[in-house]
């Protein structure tokens, strides 16, 4: 008898929760949520946690360890004569080349290269 009451109460409880959610519930992929969140907030923060170690990956763009000026904002990188800027966002790294292109990004906390 107790098992029947427990099942009945559990069913009523969860039915009430589902009924309390207005509209249709839609599942979305996390990648879509992250990119939309970054675009909505206008996120310009780079998540670099260490200086670049693999020079060959971005050598063409100018992001090589021996030319690093350290972690700077994009505008400070431009002001110090930076020619390339490495930024990591959403687990993906990219290198921006060219002084004016670096300044336009408005990124913060990336790695600057001369």
- Query: Give me the pairs: first residue in region 95-113 and on the phi > 0 side of the Ramachandran plot, second residue surrounded by 16 or more Cβ atoms within 10 Å (Cβ to Cβ) and assigned to a strand (DSSP E or B), beta-carbon distance under 9 Å, and six or more apart or on different chains, which are they?
  - Reply: 98/84; 109/71; 109/72; 109/87
- Cross-chain or 6+ apart pairs with Cβ under 9 Å, region 55-83 first and touching a residue at least 60 places away in the same chain (Cβ under 8 Å), then assigned to a helix (DSSP H, G or I) and exposed (fewer than 14 other Cβ atoms within 10 Å of the Cβ): none
- Task: Scan region 41-78 for residues that are outside any loop (DSSP other than H, G, I, E, B), at pLDDT 85 or above and at negative phi and report the count.
- Result: 13
- Note on the structure: The one condition residue 81 fails out of (1) assigned to a loop (DSSP other than H, G, I, E, B); (2) loosely packed, with under 11 Cβ neighbours inside 10 Å; (3) modelled with pLDDT under 90 is (3)
- Task: Consider residue 12 carefully, then state whether it is surrounded by 14 or more Cβ atoms within 10 Å (Cβ to Cβ), at pLDDT below 90 and not in a loop (DSSP other than H, G, I, E, B).
- Result: no
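The values are calculated or read from the model by the stated rules, or taken from the named source; none is laboratory data. Everything numeric in this text was worked out from a predicted model, so none of it was measured. Positions of Cβ are backbone-derived with ideal geometry, glycine not excepted, and every protein chain shown enters the neighbour counts.
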